[in-house]
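As structure tokens, the structure follows; a few thoughts come after it.
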Amino acid sequence: MRLDYIMYVIAVLFFIIAVASYLTLEGLALNLMVISTVALGIVFAFLGYYNRPKVTVMKTEVKTETPQPPKTETTGEAQVTESKTCPNCGTKVLKARKTWKMAGRPDKAGKRTQLEIGIFDCPNCNKAFREVLSKQKI
Ligand SMILES: [Zn+2]
């Protein structure tokens, strides 16, 4: 049983007593009974209103579902093999901003090593760094 309902019921009972007193009693007794019971009825009506439950019904129903968006990044793509780790903070950068090929010095046999170099932008510390993506003898 909610407290505010109890208060309202008591308030109504006092008003009923007040009406009954008005119908049955006379003179000074009538005045005293009516005034006191009406006053008490008002007090309990106010207490019932004061003890009414706070508006918590909405809050409990809002937080029932928390949709989790699927976080499937581009893991199945060929870009993964090109991912490099930032030398500054260790964050993995999946894709090079820019790639180009560069021929290195010729070795003793006269063969050059062609390097594929990529520039990566770290999303964490915003630093750009270069990494060798592949080496190839030409
Ligand atoms: Zn970084």
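List of remarks:
- Calculated FRET efficiency, Leu32 to Met1, Cβ-Cβ distance, R0 = 25 Å: about 0.20 to the nearest 0.05.
- Solvent-free Debye scattering, log10 I(q)/I(0), computed from the Cα coordinates of the range 81-137 at q = 0.18, 0.19, 0.27, 0.29 Å⁻¹: -0.60, -0.65, -0.97, -1.07
- Formal net charge of residues neighbouring Leu47 (Cβ-Cβ distance under 15 Å; K, R +1; D, E -1): +1
- Debye intensity ratio I(q)/I(0), log10, the range 3-60, q values 0.15, 0.24 Å⁻¹ (C-alpha model): -0.49, -0.83
- Averaged over residues, the count of other Cβ atoms within 10 Å places the peptides 12-25, 106-119 in the sequence 12-25, 106-119, highest first.
- Here the simple spin-label model places points 7 Å from the Cα toward Cβ, and for Ser83 and Asp107 these points are separated by 3.1 nm.
- Assigned charges on the beta-carbon of Lys, Arg, Asp, Glu; the range 81-137 dipole about Cα centre (debye): 260 debye
- Summed residue charge, Cβ within 12 Å of Arg105's Cβ, Lys/Arg positive, Asp/Glu negative: +2
- 23 Å Cα cut-off, lysine pairs counted over the range 81-137 (separation 8 or more, or different chains): 23
We did not get these values from a lab; they are worked out from the coordinates using the rules stated. None of these values were measured; they are calculated from a predicted model. A quick note on method: Cβ atoms are made from the backbone with ideal geometry, for glycine too, and the neighbour counts reach across all protein chains shown.
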